[in-house]
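Novice: Here you go, one structure.
The values are calculated or read from the model by the stated rules, or taken from the named source; none is laboratory data. This one's a predicted model, so the numbers in the text were calculated from it and none came from an experiment. In this analysis, Cβ positions are derived from the backbone assuming ideal geometry, glycine residues included, and neighbour counts consider all displayed protein chains.
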Amino acid sequence: MYKCALILAAGQGKRIKSDLPKVLHKVCGKEMVNHVIDTLRKSEIDDINVIVGKGAELVKANTSSRNVSYSFQEEQLGTGHAVKCAIDFLKGKSGTVAVFNGDAPLIKEETIKKLFDIHNSNKNSATILTSILNDASGYGRIIRSGDEVLKIVEHKDCNEEELKVKEINSGIFCFQIEKLVECLGNLSTNNAQGEYYLTDVIEMLKDKNEKVGALIIDYEETLGVNSRLQLSEVEVILWKRINNKHLENGVTIIDPMTTYIGDDVEIGQDTIIYPGNVLEGNTKIGRGCTLFPNSRINNSVIGENVEIQSSVILESSVGNNTTVGPFAYIRPESVVGNNVRIGDFVEIKKSTIGNNTKVSHLTYVGDSEVGKNCNFGCGTVTVNYDGKNKNKTIIGNNSFIGCNTNLISPITVEDNTYIAAGSTITDDVHSGELAVARAKQRNIEGWIDKRGLINKK
């Protein structure tokens, strides 16, 4: 059975008070609309069409990697009008389509699967996701007869008995495609708001004696975002969900209240995470790691049994049994090997660090290839920029770089070499050599007195 989905993402979101389209505001590091898209993909949906409006180009740019199609809603004339704008996407298709909201990122994979399963197994023409609220004020009520929905009644139109109903419409629907397309052609704006309502499709189907069902889910999953306050509320819910998932999978989070983990982060069993860590993007952390307080790791791969202390790692990889920090900065496109020591106040930029190498402290390694079993003294700098171009430094295996060395790239330091502390190296160093590049020391007698730099009393 063919399954597809529409995502309503054209709303301007005036109450959120932002120049950014509402659906692009992030929850746990990911745009709300991308949360919905990714969850749909996990639910084995064949095709996804995103209905965009104001800010369409921004929405497209931020969702382009998700392999979705787009429909355009120029005017905001209601949910029914939004779905009508996707008519070209729907025409000629046979199967099931579900309609989701791009500003409701908490919907779960298992809920989506269950919605499609119930819809198809019961041979419904439409199926509505609903929730139970003790205080249903302001919400459309679901009026049932057993498992079948008779109608949706808006709060203002409810009679005394209908007001007592606690089951509400979530705004998420599943339809048989052909029957939805037929009804869309008959939608009208004959109402107080002058808009096309998707709920009118339910009424049309019932007038034709079509079967309409409902699936009750936790209200939390249906929460939409219309303000910064609601955005923060949704953020907290998803943040707790994510942390709980990792806790259940064997990760120790010392203080979940002060630990931020993105939705796509993967963490191995027996890893310990201390307070203040921020883990973002498509980060993967192996088993048995220890993340001491206050590190940020973004779109990076961390091996097993790694220790990281108060450091930043961006778009890079770190091998097994390596230690990083405190206060290290590993910048994008860096590859750090196994059993490596990246120490305090070390910056690695677009470089490869071989296995068993030690870059212990106060060192900058940029645009470099560093071999195995090397040792960097403190204060070493690969001088990679000549004012116009970035140049490369190559350091072979088993090299010892003395303290306060400047390596003026482009330069090659071959295997099994030593560089004396305080050297400025401008020429290649060949295997087996010791390089010494220091100016000869001169002590000028009486220079202080001649300059009058010391006041004598």
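Novice: Could you grab me the full set of residues in the stretch 342-355 that are more than 21 Å from Asn391 (Cα to Cα) and either buried (at least 19 other Cβ atoms within 10 Å of the Cβ) or without any contact (Cβ under 8 Å) to a residue 12 or more places away in the chain (or both)?
Specialist: Filtering the stretch 342-355 for residues more than 21 Å from Asn391 (Cα to Cα) gives 342-345, 355.
Residues satisfying the conditions are Ile342, Gly343.
Matching residues to (1) without any contact (Cβ under 8 Å) to a residue 24 or more places away in the chain; (2) more than 17 Å from Gly171 (Cα to Cα); (3) assigned to a helix (DSSP H, G or I):
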position: Met1; (1), (2), (3): no, yes, no
position: Gln12; (1), (2), (3): no, yes, no
position: Arg15; (1), (2), (3): no, yes, yes
position: Ser18; (1), (2), (3): yes, yes, no
position: Arg41; (1), (2), (3): no, yes, yes
position: Lys54; (1), (2), (3): no, yes, no
position: Glu74; (1), (2), (3): yes, yes, no
position: Val83; (1), (2), (3): no, no, yes
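Novice: Could you list all residues from the stretch 107-119 that are buried (at least 18 other Cβ atoms within 10 Å of the Cβ) and outside any helix (DSSP H, G or I)?
Specialist: Going through the stretch 107-119, the residues buried (at least 18 other Cβ atoms within 10 Å of the Cβ) turn out to be 107, 111-112, 115-116, 119.
Answer for the stretch 107-119, where residues must be buried (at least 18 other Cβ atoms within 10 Å of the Cβ) and outside any helix (DSSP H, G or I): just Ile107.
Novice: Still on this model: Any residue that is touching a residue at least 40 places away in the same chain (Cβ under 8 Å), touching a Lys or Arg at 6+ places or on another chain (Cβ under 8 Å) and either assigned by TED's automatic domain parsing to the domain that holds Asp263 or assigned to a loop (DSSP other than H, G, I, E, B) (or both) - is there at least one of those in the stretch 228-248?
Specialist: No, that holds for no residue.
Novice: Oh, and also: Scan the stretch 211-227 for residues that are crowded, with 16+ Cβ neighbours inside 10 Å and among the charged types (D, E, K, R) and jot them down.
Specialist: Lys211, Glu221
Novice: Which residue out of Ile302, Ile330, Ile313 is buried (at least 21 other Cβ atoms within 10 Å of the Cβ), farther than 22 Å from Asp367 by Cβ and within 21 Å of the chain's Cα centre (by Cα)? Full working, then the answer.
Specialist: Values: Ile330 fails: farther than 22 Å from Asp367 by Cβ; Ile313 fails: farther than 22 Å from Asp367 by Cβ.
Sole residue among the options that is buried (at least 21 other Cβ atoms within 10 Å of the Cβ), farther than 22 Å from Asp367 by Cβ and within 21 Å of the chain's Cα centre (by Cα): Ile302.
Novice: Can you name every one of the strands (runs of 3 or more DSSP E) wholly within the stretch 280-353 that holds 2 or more residues which are aliphatic (A, V, I, L, M)? Before you say what the answer is, go through the steps one by one.
Specialist: Details: elements: 296-298, 312-314, 341-344, 347-349.
Where strands (runs of 3 or more DSSP E) fall fully within the stretch 280-353 and carry at least 2 residues being aliphatic (A, V, I, L, M), they are 312-314.
Novice: Follow-up question, since we're still on this one. Here is a list: Val27, Val68, Val36, Val23. Which entry is touching a Phe, Trp or Tyr at 6+ places or on another chain (Cβ under 7 Å) and either assigned by TED's automatic domain parsing to the domain that holds Asp117 or not β-branched (Val, Ile, Thr) (or both)? Before the answer, list the steps.
Specialist: Numbers: Val27 fails: touching a Phe, Trp or Tyr at 6+ places or on another chain (Cβ under 7 Å); Val68 fails: touching a Phe, Trp or Tyr at 6+ places or on another chain (Cβ under 7 Å); Val23 fails: touching a Phe, Trp or Tyr at 6+ places or on another chain (Cβ under 7 Å).
Just one listed residue meets the conditions, Val36.
Novice: Give the stretch 252-280 a look and list any residue that's over 20 Å from the mean Cα position of the chain (by Cα) and surrounded by 19 or more Cβ atoms within 10 Å (Cβ to Cβ), or say none.
Specialist: Passing the criteria: Thr271, Tyr274.
Novice: When residues of the stretch 228-272 are filtered for being out of contact with any strand residue (DSSP E or B) (no Cβ under 9 Å at 6 or more places or on another chain) and among the aromatic types (Phe, Trp, Tyr), how many remain?
Specialist: Here the count works out to 0.
Novice: Now, a different point. For the structure I just gave you, tell me whether Val97 is over 24 Å from Val27 (Cβ atoms), in a strand (DSSP E or B) and either modelled with pLDDT under 95 or assigned by TED's automatic domain parsing to the domain that holds Thr130 (or both). Don't jump to the end; show me each part of the working.
Specialist: Details: over 24 Å from Val27 (Cβ atoms): yes; in a strand (DSSP E or B): yes; either modelled with pLDDT under 95 or assigned by TED's automatic domain parsing to the domain that holds Thr130 (or both): yes.
The answer is yes for Val97.
Novice: Right, next: Among (1) surrounded by 15 or more Cβ atoms within 10 Å (Cβ to Cβ); (2) touching a strand residue (DSSP E or B) at 6+ places or on another chain (Cβ under 6 Å); (3) among the hydroxyl-bearing types (Ser, Thr, Tyr), where does Ser69 come up short?
Specialist: Looking at each condition in turn, Ser69 falls short on (1).
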